[in-house]
Amino acid sequence: MSTVTQSARPLGDLAECLRPIRRLLAAAHRAAPALAGYAAVRGVCLALFTAWGAWRGTSVWHRMGTLWDAAAYLRVATVGYPTAVPAPDAHGHRYCDLAFFPLYPMSVRAVHAVLPVSPPGAALLVAWVAAGAAACGIFAVAERLYGHRTGVAAALVWAALPHAFEVNLGYTEALFAALAAWTLYAALTGRWLWSGALSSAACLTRPTGIALAAAVATAALVRVRRAPWCWRAVLGAAVAPLGWFGFVGWVGYRLGRWNGYFTVQMAWNSHFDFGATTAGQVVQVLRDPLGAGIGAVAVTVVLLAAVVLFGHCCTARQPAVLVVFSAAMLTITLGDAGAFLSRARFLLPVFPLVLPLATALARARSRRAAGLTLGAATLVSAGLGLYLTFISTSSL
């Protein structure tokens, strides 16, 4: 009897060790259709970019990794941060790379150091891997709330958004979206320490990470009210904003003033004006859409749609952690006085707003109609991406 027990024990220990691997494989199997669908949708955009580059005889990949803000992230990755705000340039601007949070450029630096790729190539690689992780995280959240079909649809809808092409550029939106999706999933499943740690990492990726930390804190507060001795929720909420405060504090220390980071942001004309600038620009576009240009019209449509979808999310009673995240991100995006054409990009990580669209797509009676709708959205996203990335001279 003892011999049988002793021989069975190693088998039981082995099964216990393999259980996490089995769970991971099962999760990967469930997420495979969402990831494949995401790759197919974004592949259309990349194929169009490649065809354009071949026709024009230009390097589309280099431009995707060095366009506008991507160039600033590459400077941080290769040179590091400056020690002071620069003097005004010929146009009176005092743009400073201290405005850019460190996790993405540090990831680019690490990939460039390990793999035989150029810095722009490393930037694209980090963004593309992060975008795939984001699609899986969006699937996981939507599947948990609404089922497998809606989870797959959510990843597809997110991939076909008008400005989704920007997750294929050397920008931070893909990495932030991945961290946001898995942070929210961890909060929904009660993994508070993971939620806090991932939120803190997101806070090191973009200044809007503080919106994610607020969502985690709200969800943790709800949990603590139900279970006062849930110390993991309290610790997760405490850890969630540390990345944001850490970097903002470091910039202040580097510049020798407590409000150093906000001084840097003011140099980019980024400050909170309670939506006055946004409202004025939206009204101007609505009055003269032809004169405003394709980029401004697209951003206006996205902002108005986001507000409508947020109202739907509230009436549909999404979990509080998702609603607070969306509300905080919308408040920051609409209330900022910075570059208008970047607003749609800032909203890309706010995937809870697309869940109503994903639910409708998953429940559509006609699969053909759903497919045609998704295909049309994919082509619009690819065409808009081609225009804004390679034809338009406006910043993204």
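Among the charged types (D, E, K, R), out of contact with any His (no Cβ under 6 Å at 6 or more places or on another chain) and touching a residue at least 12 places away in the same chain (Cβ under 8 Å): does that describe residue 336?
On the way: among the charged types (D, E, K, R): yes; out of contact with any His (no Cβ under 6 Å at 6 or more places or on another chain): yes; touching a residue at least 12 places away in the same chain (Cβ under 8 Å): yes.
Answer is yes for this residue.
Could you tell me whether the stretch 267-275 includes any residue that is within 16 Å of residue 344 (Cβ to Cβ) and part of a helix (DSSP H, G or I)? The answer is no; no qualifying residue exists.
Those residues that are small (Gly, Ala, Ser) and either surrounded by 15 or more Cβ atoms within 10 Å (Cβ to Cβ) or under 24 Å from the mean Cα position of the chain (by Cα) (or both), I need them from the stretch 280-292; list them, please. Give the steps one after another, and end with the answer.
Of the residues in the stretch 280-292, the ones small (Gly, Ala, Ser) are 280, 291-292.
Listed by number, the list holds a single entry, 292.
Residue 270 satisfies every condition listed in (1) surrounded by 18 or more Cβ atoms within 10 Å (Cβ to Cβ); (2) in contact (Cβ under 8 Å) with a residue 40 or more places away in the chain; (3) among the hydroxyl-bearing types (Ser, Thr, Tyr) except (1). Looking across 305, 316, one residue alone is within 19 Å of the chain's Cα centre (by Cα) and closer than 30 Å to residue 189 by Cβ. It is 305. Within the stretch 154-188, track down each residue that is closer than 25 Å to residue 370 by Cβ and outside any helix (DSSP H, G or I). Within the stretch 154-188, 160, 161, 162, 163 meet the criteria.
How about the stretch 25-48: which of its residues are in contact with a Ser or Thr (Cβ under 7 Å, 6 or more places away or on another chain) and not β-branched (Val, Ile, Thr)?
We begin by selecting, within the stretch 25-48, every residue in contact with a Ser or Thr (Cβ under 7 Å, 6 or more places away or on another chain); these are 41, 44-45.
Once the filter is applied, which keeps residues that are in contact with a Ser or Thr (Cβ under 7 Å, 6 or more places away or on another chain) and not β-branched (Val, Ile, Thr), the stretch 25-48 yields only 45.
Against the conditions (1) without any contact (Cβ under 8 Å) to a residue 60 or more places away in the chain; (2) small (Gly, Ala, Ser); (3) in contact with a Gly (Cβ under 6 Å, 6 or more places away or on another chain); (4) closer than 30 Å to residue 381 by Cβ, residue 199 satisfies every one except (3). Among the residues of the stretch 146-168, none qualifies, meaning not one is hydrophobic (A, V, I, L, M, F, W, C) and either surrounded by fewer than 20 Cβ atoms within 10 Å (Cβ to Cβ) or more than 18 Å from residue 351 (Cβ to Cβ) (or both). Is it true that some residue in the stretch 300-311 is without any contact (Cβ under 8 Å) to a residue 24 or more places away in the chain, part of a helix (DSSP H, G or I), of a type outside the set (A, V, I, L, M, F, W, C) and farther than 30 Å from residue 214 by Cα? Checking the stretch 300-311: not a single residue is without any contact (Cβ under 8 Å) to a residue 24 or more places away in the chain, part of a helix (DSSP H, G or I), of a type outside the set (A, V, I, L, M, F, W, C) and farther than 30 Å from residue 214 by Cα.
Scanning the stretch 69-87 for residues that are touching a residue at least 40 places away in the same chain (Cβ under 8 Å) and either under 15 Å from residue 206 (Cα atoms) or touching a Pro at 6+ places or on another chain (Cβ under 9 Å) (or both) turns up 69, 70, 73, 74, 77, 78, 81.
Listed here are the residues, each with its yes/no results for (1) touching a His at 6+ places or on another chain (Cβ under 8 Å); (2) surrounded by 15 or more Cβ atoms within 10 Å (Cβ to Cβ).
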site: 352; (1), (2): no, yes
site: 355; (1), (2): no, yes
site: 366; (1), (2): no, no
site: 374; (1), (2): no, yes
site: 377; (1), (2): no, yes
site: 381; (1), (2): yes, yes
site: 389; (1), (2): no, yes
site: 393; (1), (2): no, no
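Could you tell me which of the residues 85, 114, 60, 4 is more than 21 Å from residue 395 (Cβ to Cβ) and either modelled with pLDDT under 95 or touching a Ser or Thr at 6+ places or on another chain (Cβ under 8 Å) (or both)? Testing whether each residue is more than 21 Å from residue 395 (Cβ to Cβ) and either modelled with pLDDT under 95 or touching a Ser or Thr at 6+ places or on another chain (Cβ under 8 Å) (or both) leaves just 4.
Cβ separations smaller than 6 Å between residues 6+ apart or across chains give the following pairs from the stretch 313-324 residues that are β-branched (Val, Ile, Thr) to residues that are part of a helix (DSSP H, G or I) and surrounded by fewer than 20 Cβ atoms within 10 Å (Cβ to Cβ): 324/218. Checking the structure you have, find out if any residue of the stretch 308-319 is farther than 26 Å from residue 182 by Cβ, at pLDDT 95 or above and touching a Lys or Arg at 6+ places or on another chain (Cβ under 6 Å). Within the stretch 308-319, none of the residues are farther than 26 Å from residue 182 by Cβ, at pLDDT 95 or above and touching a Lys or Arg at 6+ places or on another chain (Cβ under 6 Å).
Could you list, in sequence order, the residues of the stretch 52-66 that are of a type in the set (Gly, Ala, Ser), within 19 Å of residue 166 (Cβ to Cβ) and assigned to a helix (DSSP H, G or I)? Outline the logic, then answer.
As a first pass, look at the stretch 52-66 and keep what is of a type in the set (Gly, Ala, Ser): 53-54, 57, 59, 65.
If we keep only those that are within 19 Å of residue 166 (Cβ to Cβ) as well, we get 53, 59, 65.
If the condition is that a residue be of a type in the set (Gly, Ala, Ser), within 19 Å of residue 166 (Cβ to Cβ) and assigned to a helix (DSSP H, G or I), then 53, 65 are the ones that fit.
Run down 384, 330, 341 and say which single residue is within 30 Å of residue 66 (Cα to Cα), assigned to a helix (DSSP H, G or I) and in contact with a Pro (Cβ under 7 Å, 6 or more places away or on another chain). Checking each option against the conditions leaves just 384.
Between 283, 248, 222, which is touching a residue at least 12 places away in the same chain (Cβ under 8 Å) and over 22 Å from residue 207 (Cα atoms)? Let's see the steps before the verdict.
Values: 283 fails: touching a residue at least 12 places away in the same chain (Cβ under 8 Å); 248 fails: over 22 Å from residue 207 (Cα atoms).
Answer to the check: 222.
Of 151, 121, 132, all but one fail to be part of a helix (DSSP H, G or I) and in contact with an Asp or Glu (Cβ under 6 Å, 6 or more places away or on another chain); the exception is 151. Where helices (runs of 4 or more DSSP H) fall entirely within the stretch 192-248, those with at least 1 residues that are within 19 Å of residue 172 (Cα to Cα) and among the small types (Gly, Ala, Ser) are at 192-203, 209-226.
The values are calculated or read from the model by the stated rules, or taken from the named source; none is laboratory data. All of these numbers come straight from a predicted model, not from anything done at the bench. Glycine also receives a Cβ, built like all others from the backbone with ideal geometry; neighbour counts cover every protein chain displayed.
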